[in-house]
């Protein structure tokens, strides 16, 4: 075995690897690239941009073959597409669009390959306008949306139905659907629902407790049950909620209140209309100034002092909007 053959055979380069080499010779038919040490590779001259010259660094991709001189067979023209494909694979998730070529068809759907992943397009997920003549589909390249992704098994289930122009999928208010989080930001998330519709989850509809980010309660590419809370007439905008699947803690507290209940709390804000009081049970109440004084046009700060303690009774309860009005003993004190 020649020394060059020995070095090439020991190389750890694999098919598809993208590496940087140095142009050491530009021949009539091929370009020779130094890959480090005594390792060399070649690619066809027609793939070389005239702007390159000997000594320039160049990106090349390994084809997995060795020529009769013991050099790695490379390609330069396919590098850009390979880099784009690698970026697509890195960002691949449920909801992503992909292009793949149909390689075979069975009774359930169509099979293909996407950068080492097995792709399956079920007939149930095919667009209604396509795939009438199965015999013409082999080797056809199509665009689809990922609806299931298994990175361990390297398998993808996709849909072309979701790409149909102007497609809208009806949903019902208060309907509960399972969905996958396909985009996650701090304040909102996009969800691919099990019926193929897309919904938007706002941070205000994720939790009854205060959270700084949606990432505190949900994860990208994970499945959750969502409740449909709003939609427009053509279903092009769908709002979903998480917290609406649970009982609101405020509803529980308000259901236990009744007119005349005695309460105590601390004045936390002075307003022209009255004082905002944080009750000892954690709820917030409003003591309306004109309802708590016999004097006309009295200013709120004459009745209540910030951070002071007050006692009173509940005079009004709005359970739907979670509002409480109270009458305090300040009214008696001003007489």
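Quick note: the coordinates plus some simple rules give every number you see, no bench work behind them. Fair warning: this is a prediction, and the values are worked out from it, not measured in the lab. A quick note on method: Cβ atoms are made from the backbone with ideal geometry, for glycine too, and the neighbour counts reach across all protein chains shown.
With the simple model of a label 7 Å out from the Cα in the direction of the Cβ, residue 255 to residue 219 spans 3.3 nm.
The per residue volume of the convex hull around the alpha-carbon atoms of region 251-333 is 84 Å³.
Overall form of region 140-205: oblate. Here a/c, set by the Cα gyration tensor axes a ≥ b ≥ c, is 1.5 or more, and a/b is not larger than b/c. Over all pairs of different C-alpha atoms, the chain has a mean inverse distance whose reciprocal, the Kirkwood radius, equals 26.6 Å.
Distance between the modelled labels on residue 230 and residue 12, one decimal in nanometres: 5.5 nm (7 Å Cα→Cβ projection). Multiplying the residue separation of residue 269 and residue 188 by 0.36 nm and removing their Cα-Cα distance gives an extension gain of 26.1 nm. At an R0 of 22 angstrom, the distance between the Cβ atoms of residue 178 and residue 138 translates into a FRET efficiency of 0.05. Helical content of the chain, expressed as a calculated mean residue ellipticity at 222 nm, amounts to -2500 deg cm²/dmol (DSSP H runs of 4 or more residues, -39,500 (n - 2.57) each, divided by residue number, nearest 500). In this entry, region 3-81 is assigned a mean projected area of 4.9 nm², taken as a quarter of its C-alpha convex hull surface. Taking 7 Å steps out from each Cα toward its Cβ at residue 311 and residue 69 produces label points 10.2 nm apart. Against the longest alpha carbon principal axis of the chain, how many degrees, from 0 to 90 and to the nearest 10, is the axis of helix 79-90 turned? It works out to around 30 degrees. Which FRET efficiency value, to the nearest 0.05, is calculated for residue 53 and residue 85 with the Förster distance at 30 angstrom and r the Cβ-Cβ distance? Between residue 53 and residue 85 the formula returns 0.55. GNM on the chain, alpha-carbon springs under 10 angstrom: the most fluctuating residue among 176, 240, 62 is 62.
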